[in-house]
Amino acid sequence: MSLDSMLNMIMIILGFGFLIGIHELGHFLAAKWAGIRTNAFAIGMGPQIFSYRKGVGFCYKSTKTIVIKKFGKDATEMSDDELNENGLSETEYSLRLLPIGGFVSMLGQEDANPDAVSEDPRSYNKCPIGKRMVVVSAGVIMNALLACFLFLICFQIGVNFEAPIIGAILPDSPAARTSANGYENLTLQSGDTVITIDGKEAKTFMNLQIAGAMAKPGKPVVIEVKREGLDTLLTYSMTPSSVSEEGILELGVFPASSLVLRSGDLGEQVMTELHTDKEFLPLKEGMHMVSANGKDIDVWSQFNNAVEQSGGNPVQTNWEAQDGIIEVSVPVSPKLNVIRLVDVPAEAPQNYERGFFGMCPLARITSTLPTSPNSGLFQSGDVVLKVASLEAPRMGQLRNFLSTYPDGVIDLVVLRNGKKTSLQAEVKSGKLGILLKDAMELPFVAQPLQRQQVSGKVVPTRIANYQLLGGSEIVNINGHEVSNWKDIRNEFIAADESISIALNNPTKGNPTTEIDLQISQQEHQDLAALGWSSPLAMQMFDPIYIVRSSGGNPIKAVQMGFDETVDMLVMTYLTIDRLLRRSIGVDQLRGPVGIIHIGSKIADRGYSYLFFFLAIISVNLAVLNFLPLPIVDGGLFLYLVYEKLFKKPPSIAFQNAAAVLGLGLIATLFLVTFYNDIARLLG
């Protein structure tokens, strides 16, 4: 872990502790206002590190030992008069080891022990109900006010958010399938700017992501977009669905990207992948692409247009570097059709392949990850020919196969520098620790697909009736020699509706097989419509940011902070609703470890975004603490409502049972979120 990451994590831990401290400070100040005796105010949980009591001063661990030694008994056992005579404060302030909580100890009130009542006139249970309601709700109010204040600071400074501009669109996602109202086959495109979401202004791309995740199951999200070159807005009504491994409802879109390469932890991953190709060795983190094929460009979609118009030829790009402008020739490869797999479990790493008519390329190893157990074993460019008993695996097939393989040694055969090489690799947690790409440079066919999903129906692929073997080499198409998948696609397009394919089988002697395919006019048009792609994927670049700012106007900042607080309060309640509706899974929940992990990455984006993140957490603390559950503030508030209505508190037996239930729920939630957090970190 880098020093910056450690510092970011420390900042988040301190910030998390600060939020809890503010919550408990609310209870404490309200208790003092109500005249309730407060024996302790602690930030954090577990053993005490430092403490302070007026009349004793600061000390290591607790002041209790010093007080007993000096006065013969603890301050909690003294009356108010005795405390005054001895010059002691009734409250011990302490900082504790674990920054995951905090508490205020009030006389006659213990969340986990309803029996701990007192007859002292300054006890919690003797305080008027109205004042107790203020004390119970004060922590939540303080968190909401703090969130509003943090949002105010953020908007005074200005916060960078992903702009509401469409970038990549997942194949077969709601966004890819839905046409604009009144237009046939006019789907969302990269570069479209989202103007409204369900009638509300789209301020950031996060608004679009939240709208998808928070949508009621089966209810569409309506968005209006502005497309360059069109005078009217386009309206799309799309129903979110689970389209990725995360399992949450999504529209299937990603934010648009700039032309600045990622930096930080993500930048290291990008460089690891790019530097496997010698063309990209001059590129470094944070470099800015400024032109493609002689034209100045500003955003990734413009670079992608140059790739699409390249005809398969390399795109010549210029980049700003510290010592001037450098030139990089970006290789271009043909796009393949997405083939949806049949009978693949939802938890499988990949539920699709890429190819033509059921034929897919082999898988090529581009690099070995630094954390891989197979460091030094594989070489960049190795093509996987066999894994265990699996011959010529497709890329998705290889990933899915490894995910079910037990930890241990596995036999592989790779094609290295034109020769077959046998290797023994280590599988750990279903992975080899390598990055894969389609071996587009070789005209070999992986294990052919017999069936596919088309519009939700299972249909045979075009090559299903042929005894095509995985590992076969395509020699020529309609009599024209081919040497890679670019040639293969070009010949498929040129062949019109009748295609004759000659292949060398991988069996002894390499006998040749010929297959004849008849494709429809629509299939041919779909082939011709396929474009080109480059290794410089959109996710390798920083997003396009917009700045949300009050423009230095404090009144506007207050309004923006208040609006954001209300929006986040509503969003937190919606999240609970979606959990109950099961459109958001329990596996999406995060605990303290997960929050700190995310926060440490968010801190890289600057202090304004860090404050924004802490404000969101503060809102969440307010909502969760005021849920009508035993132990938390919301449950205690309900007890007070009951006491007000029926002139007596709920029975001690009921409160004890509810306390046990509440502790069980909180313990279960902690275990679930802790498991989720650790699973994410390890995964």
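The values are calculated or read from the model by the stated rules, or taken from the named source; none is laboratory data. Remember, predicted model here, so these are calculated numbers, not experimental data. Quick reminder, even Gly has a Cβ in these numbers, built from the backbone with ideal geometry, and neighbours come from all protein chains shown. Accessible surface is based on the protein model in full, side chains and every heavy atom, while ligands, DNA and RNA are left aside. Shrake-Rupley method; radii C 1.70, N 1.55, O 1.52, S 1.80 Å.
Looking across the stretch 254-276, the residues that are among the charged types (D, E, K, R) and either under 18 Å from the mean Cα position of the chain (by Cα) or surrounded by fewer than 17 Cβ atoms within 10 Å (Cβ to Cβ) (or both) come down to ARG262, ASP265, GLU268.
Within the stretch 615-659, being in a helix (DSSP H, G or I), within 16 Å of THR572 (Cα to Cα) and open to solvent by less than 70 Å² (accessible area, probe 1.4 Å) holds for ALA615, ILE616, ILE617, SER618, VAL619, ASN620, LEU621, ALA622, VAL623, ASN625, GLY634.
So that you can scan it fast, the table gives a plain yes or no per residue for (1) crowded, with 16+ Cβ neighbours inside 10 Å; (2) part of a helix (DSSP H, G or I):
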| site | (1), (2) |
| --- | --- |
| GLY102 | yes, no |
| SER105 | yes, no |
| ASP120 | no, no |
| GLY139 | yes, yes |
| MET142 | yes, yes |
| LEU146 | yes, yes |
| PHE149 | yes, yes |
| ASN160 | yes, no |
| ALA168 | yes, no |
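Of all residues in the stretch 318-359, those satisfying the criterion of being open to solvent by 20 Å² or more (accessible area, probe 1.4 Å), among the small types (Gly, Ala, Ser) and closer than 23 Å to PRO535 by Cβ are ALA321, SER329, SER333. For GLU90, only one of the following conditions fails: (1) closer than 28 Å to ASN143 by Cα; (2) outside any loop (DSSP other than H, G, I, E, B). What is its number? That leaves (2) as the condition not met. Close Cβ contacts (under 9 Å, 6 or more residues apart or on different chains) running from residues in the stretch 1-18 that are part of a helix (DSSP H, G or I) and among the aliphatic types (A, V, I, L, M) to residues that are at pLDDT below 70 and loosely packed, with under 13 Cβ neighbours inside 10 Å comprise MET9/MET1.
So that you can scan it fast, the table gives a plain yes or no per residue for (1) under 30 Å from GLY456 (Cα atoms); (2) within 44 Å of the chain's Cα centre (by Cα); (3) of a type in the set (D, E, K, R):
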{"residue": "LYS70", "(1), (2), (3)": "no, no, yes"}
{"residue": "MET78", "(1), (2), (3)": "no, no, no"}
{"residue": "SER89", "(1), (2), (3)": "no, no, no"}
{"residue": "PRO99", "(1), (2), (3)": "no, yes, no"}
{"residue": "ALA147", "(1), (2), (3)": "no, yes, no"}
{"residue": "VAL159", "(1), (2), (3)": "no, yes, no"}
{"residue": "ASP172", "(1), (2), (3)": "yes, yes, yes"}
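The set of residues in the stretch 479-507 being touching a helix residue (DSSP H, G or I) at 6+ places or on another chain (Cβ under 8 Å), open to solvent by less than 60 Å² (accessible area, probe 1.4 Å) and not in a strand (DSSP E or B) consists of VAL482, ARG489, PHE492, ILE493. Do we have ILE68 as farther than 17 Å from SER123 by Cα and modelled with pLDDT under 90 here? So ILE68 does not fit the description; no. Residues that are among the hydrophobic types (A, V, I, L, M, F, W, C) and part of a helix (DSSP H, G or I) were ranked within the stretch 170-185; the one that is most open to solvent (accessible area, probe 1.4 Å) is ALA176. Residues that are in contact with a helix residue (DSSP H, G or I) (Cβ under 8 Å, 6 or more places away or on another chain), of a type in the set (Asp, Glu) and modelled with pLDDT under 80 occur at least once in the stretch 597-605. Contact annotation: residue pairs with Cβ atoms under 9 Å, 6 or more positions apart or on different chains, pairing a residue in the stretch 525-537 that is over 15 Å from SER333 (Cβ atoms) with a partner that is of a type in the set (D, E, K, R), are LEU527/ARG489. Taken together, the residues in the stretch 387-409 that are in contact with a strand residue (DSSP E or B) (Cβ under 8 Å, 6 or more places away or on another chain), crowded, with 18+ Cβ neighbours inside 10 Å and not in a loop (DSSP other than H, G, I, E, B) amount to 8.
Residue-by-condition table, conditions (1) among the charged types (D, E, K, R); (2) modelled with pLDDT under 90:
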residue	(1), (2)
GLY264	no, yes
GLU273	yes, yes
THR276	no, yes
GLU279	yes, yes
SER301	no, yes
ASN318	no, no
ALA321	no, yes
ILE326	no, no
ARG340	yes, yes
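Of the residues making up the stretch 253-270, those that are charged (D, E, K, R) and either in a loop (DSSP other than H, G, I, E, B) or touching a residue at least 24 places away in the same chain (Cβ under 8 Å) (or both) are ARG262, ASP265. Just one of the listed residues (GLU90, GLU85) is within 17 Å of MET106 (Cβ to Cβ) and either open to solvent by less than 50 Å² (accessible area, probe 1.4 Å) or not aliphatic (A, V, I, L, M) (or both), and it is GLU90. Within the stretch 650-670, residues that are within 17 Å of LEU638 (Cα to Cα) sit with their Cβ atoms under 6 Å from residues that are in a helix (DSSP H, G or I) and open to solvent by less than 90 Å² (accessible area, probe 1.4 Å), at 6+ positions apart or across chains, in these pairs: PRO650/TYR639; PRO650/TYR642. Going through the stretch 105-138 one residue at a time, which ones are modelled with pLDDT of 90 or more and among the β-branched types (Val, Ile, Thr)? If the condition is that a residue be modelled with pLDDT of 90 or more and among the β-branched types (Val, Ile, Thr), then ILE129, VAL134, VAL135, VAL136 are the ones that fit.
Note on the stretch 294-314: residues that are touching a Ser or Thr at 6+ places or on another chain (Cβ under 8 Å) and buried (at least 17 other Cβ atoms within 10 Å of the Cβ) amount to 7.
The test for being open to solvent by less than 50 Å² (accessible area, probe 1.4 Å) and part of a helix (DSSP H, G or I) does not hold for ILE36. Examine the stretch 564-572 for a residue that is modelled with pLDDT of 70 or more and of a type in the set (S, T, N, Q), and state whether such a residue exists. Checking the stretch 564-572: at least one residue is modelled with pLDDT of 70 or more and of a type in the set (S, T, N, Q).
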